[in-house]
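A quick write-up on the structure given underneath.
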Amino acid sequence: MKRAFEGKVVLITGGSDGIGAELARQLAGPGVSLALAARSVERLQAVARRCEEKGARAIAIRCDVSVEADCRGFVESAARQLGRIDVLVNNAASFYAGYFEELTPEQMEGQLATSLIGPMNVTRAVLPVMRKQRSGHVISISSSAGVAGFEFGTAYAASKFGLEGFMDSLHAEVAPFGITTTIVNPGFFRTELLTEQSTNYAEPSIDDYDERRAKQLEFWKAQNGQQSGDPAKLARALITIASQEPPPRRFIAGDDAIGTAEQKVADLTAEIAAFRGLSTSLAFDEGKRT
């Protein structure tokens, strides 16, 4: 499958660790060009060096995806040095956890800036290049939280639901230019997302949430390093789906993610059935209008 990327240029945000770094390492090989972006330049350069040791051409560019100018600079530099852009992987991530009432507006904005505005910024910068080529593939790493919301996850789910709507709509807009899109919905994978460096918790401020908050904090902190999903296997799966013609519009990644998606489908089906009569009775009755 990796041979499908020979001669291609792949841009990866959040490339310094987790799924992004793993994907870069597994793609790396002769004939493959990689442009890696992250805020941590030192770690990013280490990943780029490992990719070059495997025969790839790899460049590391500092980029805060929440800053539009950074994203333009990243894409312009990648296109100038590597000549084209075949695949963009929007992977940069953060996690703001907590009950909505206790999350500050600044925390909500921080989550949206990384997980929604960030992918929009990078994609906006990439699309002119792909349109000119009349080819390209935009992959955005969403989450099970983009399929179904969950307690203690209002900020994260809001950002991922927004990303889903953006990508779904973008598909129709760019398909005539030969550009394809894929949404990836991973479940729990053993990445750095739940480490102290990547997770931000709301400050306790409302007594009514005390008991439930304590249980949520215990759960989420215990999950770090215990997630069932293997990032290396997910990286290989992403290479597989990106090699297909055409690639899938959505990829549900992991047993737990499939369970979440199936439950959401079942819930929607049941709600449609329960209120079908009422829902279908809402059209204008032209013959009785006054």
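Among residues belonging to segment 102-120 that are open to solvent by less than 20 Å² (accessible area, probe 1.4 Å), in contact with a helix residue (DSSP H, G or I) (Cβ under 7 Å, 6 or more places away or on another chain) and not in a loop (DSSP other than H, G, I, E, B), point out the one that is nearest to Thr13 (Cα to Cα). Out of the qualifying residues, it is Pro119.
Exactly one residue among Ala202, Ala222, Ala214 is touching a residue at least 24 places away in the same chain (Cβ under 8 Å), among the aliphatic types (A, V, I, L, M) and either over 22 Å from Asp17 (Cβ atoms) or loosely packed, with under 12 Cβ neighbours inside 10 Å (or both), and that residue is Ala202. The residues of segment 86-101 that are surrounded by fewer than 24 Cβ atoms within 10 Å (Cβ to Cβ), more than 11 Å from the chain's Cα centre (by Cα) and closer than 17 Å to Gly149 by Cα, listed by number, are Phe95, Ala97, Tyr99, Phe100, Glu101.
Is it the case, given these coordinates, that Ser159 is surrounded by fewer than 21 Cβ atoms within 10 Å (Cβ to Cβ), at pLDDT 95 or above and of a type in the set (Ser, Thr, Tyr)?
Details: surrounded by fewer than 21 Cβ atoms within 10 Å (Cβ to Cβ): no; at pLDDT 95 or above: yes; of a type in the set (Ser, Thr, Tyr): yes.
The answer is no for Ser159.
Here His137 passes the criteria (1) in contact (Cβ under 8 Å) with a residue 24 or more places away in the chain; (2) assigned to a helix (DSSP H, G or I) except the one numbered (2). Going through (1) out of contact with any strand residue (DSSP E or B) (no Cβ under 6 Å at 6 or more places or on another chain); (2) at pLDDT below 90; (3) among the β-branched types (Val, Ile, Thr) one by one, Val174 falls short only on (2). Only one residue in Thr181, Thr195 is part of a loop (DSSP other than H, G, I, E, B) and either buried (at least 18 other Cβ atoms within 10 Å of the Cβ) or modelled with pLDDT under 90 (or both). Which one? None of the other options fit; the residue is Thr195. When only residues in segment 2-22 that are of a type in the set (A, V, I, L, M) and at pLDDT 95 or above count, which is surrounded by the most Cβ atoms within 10 Å (Cβ to Cβ)? The residue in question is Leu11.
The values are calculated or read from the model by the stated rules, or taken from the named source; none is laboratory data. Bear in mind the structure is a predicted one, so any value in this text is a computation, not a measurement. Cβ: placed from backbone, ideal geometry, glycine included. Neighbour counts: every protein chain shown. Remember, those area values only see protein heavy atoms, side chains included, never the ligands or the DNA or RNA. Shrake-Rupley method; radii C 1.70, N 1.55, O 1.52, S 1.80 Å.
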